[in-house]
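Please read the structure below before turning to the comments.
The values are calculated or read from the model by the stated rules, or taken from the named source; none is laboratory data. This structure is a prediction, so every number in the text was calculated from the model and none was measured. Quick reminder, even Gly has a Cβ in these numbers, built from the backbone with ideal geometry, and neighbours come from all protein chains shown. To get the accessible areas, we keep the full protein, side chains included, count just its heavy atoms, and leave off ligands, DNA and RNA. Shrake-Rupley method; radii C 1.70, N 1.55, O 1.52, S 1.80 Å.
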Amino acid sequence: MTLTIRMLNYLKVFVECLAIHINCDKNHLFNEIQVLRSMLVNKELSNVTELYHEIKPLREAFPNMMSMVKAALTIPVSSATCERVFSKMKLIKTRLRNTMADERLSNLCILSIERDFQVNFQQIIEQFSASHKNSRIMLH
């Protein structure tokens, strides 16, 4: 596949954004991409993991590409937590509960997402009663 001028311009803009993200020189990254592109032209790489294993032996020659590929490999891991949180928040904050305060929503989300921890209810009751010894609590 030959790169047209338009595709080359898009690639340069894309490389500038990536260079900022991985904190490297955009010209070095662009050169590494061009060299690797010609080296990998006959390879059948279907995902980023395969690209990582292909250039891993060449990591000293292509340090910026290795940083970029490592960053790309961490995206699914880092976005899975965010997706899980927003999914839980969507279940918690329904149209009927739309007037919920942010602090309450945050606390309910934490309880829902991190529900695999053990709660010592006796300790919570004791702490609560110790802090409210002389006050009466109205229960409705």
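Residues considered: 69, 41, 119. Largest GNM mean-square fluctuation over the chain, using C-alpha springs under 10 Å, is found at 119. If you run the Gaussian network model on the chain, springs between alpha carbon atoms under 10 Å, then out of 73, 51, 111 the most flexible one is 111. The label-point distance for residue 104 and residue 58, in a model that sets each label 7 Å from Cα toward Cβ, rounds to 5.8 nm.
For the range 16-95, the per residue solvent-accessible surface stands at 72 Å², with DNA, RNA and ligands left out and a 1.4 Å probe. Taking springs between alpha-carbon atoms closer than 10 angstrom, which of 113, 125, 55 fluctuates most in the Gaussian network model of the chain? Checking each option, the largest mean-square fluctuation is seen for 125. Using the rule -39500 (n - 2.57) for each DSSP H run of four or more residues, divided by the residues of the chain, the 222 nm mean residue ellipticity is -22000 deg cm²/dmol. When its C-alpha radius of gyration is set against 2.2 N^0.38 Å (N residues), the chain gives a value of 1.80.
Using C-alpha pairs under 8 Å with a sequence gap of at least 6, the mean separation divided by the residue count of the chain gives a relative contact order of 15 percent. Scanning the chain for trypsin sites (Lys or Arg not before Pro) in DSSP loops with at most 14 neighbouring Cβ atoms within 10 Å leaves 1-42 as the longest stretch between them. Solvent-accessible area of the chain (1.4 angstrom probe, protein heavy atoms only): carbon and sulfur portion equals 57 percent. To the nearest ten degrees, helix 5-22 and the longest principal axis of the Cα atoms of the chain are 50 degrees apart. Nearest 10 degrees, 0 to 90: what angle lies between the long axis of helix 26-39 and the longest principal axis of the chain (Cα atoms)? Rounded to the nearest ten degrees, it is 60. Look at the dipole of the chain built from charges on Cβ: of 58, 42, 69, the Cα furthest out on the positive end belongs to 69.
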